[in-house]
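All remarks here apply to the structure that follows.
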Amino acid sequence: MKKICIFGAGAIGGYLAVELALAGNEVCAIARGAHLEAIRKNGLTLLIGGQEKNVKLPASDNPADFGPQDYVICALKAHQSHESAAQFAPLLGPDTAMVTAMNGIPWWYFYKEGGKFEGRHLESVDAGARQWNLIGPERAIGCVVDPACEVIAPGVIEHHEFNRFILGEPDGSESERVKILSDVMKAANFDAPVRDAIRWNVWLKLWGNVCFNPISALTHATLDQITSGALREVCKKAIYEAKAVTEALNIFIPEEMIERRLNIAGKAVGHKMSMLQDLERNRSMEIDALVTAVQELGRLTHVPTPTIDLLLALVQERGRQAGLY
């Protein structure tokens, strides 16, 4: 049994919280608003595989209500994590690990990366090195999130598909803490492999997000529409640019993964990307970790990214016009 705080118990965080608590771990949740009130009143409910699971667990919008944890799983959006950096302090003991279950380039990317940019922080995801300094990159465990979940009502999470959370230490080691975390997650019905090159998995997922998300917000097209016809060609241009940035950072993903990534995405008929969902629901849009960071890394490595630059300029302005960026 481990003490685990889910910081941001929304769709993904709520899914993690229910399964980890039901597996016997001491789980607490950081949430807010109507979602928090519902969790306090009725517990957290997960609809999964035709089942309804409910768990009562301590929940608050104030991390000071809970002491140091073994693991803090941050399931916020990247910009929310940056804004909340100082709030993690009460949860962090000497050996607490921070699991970044978020999309896009993580704020600790160049910690123990081993290349010429070792120790550099990225302004697009960690302006002023706020998380680097307040949380500490030595706490970080990388996590690439595959599941698709949704908050369908306050306190109620619906799981749509997939159960895999890919884990990895920034230095590629198979540390005791990441092995224990993997075992804990496997015992809670998750597929939780440990990879020795977590940035490879970060980039593979990002190849899709860097184009699918901004195109969705700009066109309101669903994923099957984005990956067909003329929009598919736009996606391919953006992905090839991202691939060039990836390779400039000494990460090599086979070219055939591009068509595979597009084809798998195309099977998600009617699926709205998160950026479009946020736009429609008047929630802040996660642009920087998914798109701006790729542009920043392109400039850092002197790799041109004209398609990504264009998508970024358009979606940033779309976000500003909506008051969500």
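The values are calculated or read from the model by the stated rules, or taken from the named source; none is laboratory data. Quantities reported herein were computed from a predicted structural model and do not represent experimental measurements. With ideal geometry, Cβ positions are generated from the backbone for all residues, glycine too; neighbour counts draw on all protein chains shown.
A few notes on this one:
- Matching residues, the range 22-47, being within 20 Å of S84 (Cβ to Cβ), in contact with an Asp or Glu (Cβ under 9 Å, 6 or more places away or on another chain) and β-branched (V, I, T): I30
- The single residue among I73, I135 that is touching a residue at least 60 places away in the same chain (Cβ under 8 Å), in the same structural domain as P170 (by TED's automatic domain parsing) and not polar (S, T, N, Q) turns out to be I73.
- Filter pass, V234 being among the β-branched types (V, I, T), modelled with pLDDT of 95 or more and surrounded by fewer than 20 Cβ atoms within 10 Å (Cβ to Cβ): yes
- Conditions (1) of a type in the set (D, E); (2) in contact with a helix residue (DSSP H, G or I) (Cβ under 8 Å, 6 or more places away or on another chain); (3) closer than 30 Å to E118 by Cβ: number failed by D224: (3)
- Residues that are surrounded by fewer than 12 Cβ atoms within 10 Å (Cβ to Cβ) and either of a type in the set (A, V, I, L, M) or not in a helix (DSSP H, G or I) (or both) within the range 35-55 comprise G49, G50, Q51, E52, listed in sequence order.
- Checking each residue in the range 93-117 for being aliphatic (A, V, I, L, M) and either touching a strand residue (DSSP E or B) at 6+ places or on another chain (Cβ under 9 Å) or on the phi > 0 side of the Ramachandran plot (or both) picks out A97, M98, V99, A101, M102.
- Any hit, the range 174-182, residues being touching a residue at least 24 places away in the same chain (Cβ under 8 Å) and under 18 Å from the mean Cα position of the chain (by Cα): yes
- Hits in the range 284-323 (condition: surrounded by fewer than 14 Cβ atoms within 10 Å (Cβ to Cβ) and among the basic types (K, R)): R299, R320
- Assessment of the range 250-265 against the conditions (crowded, with 22+ Cβ neighbours inside 10 Å and farther than 24 Å from G10 by Cα) yields no matching residue.
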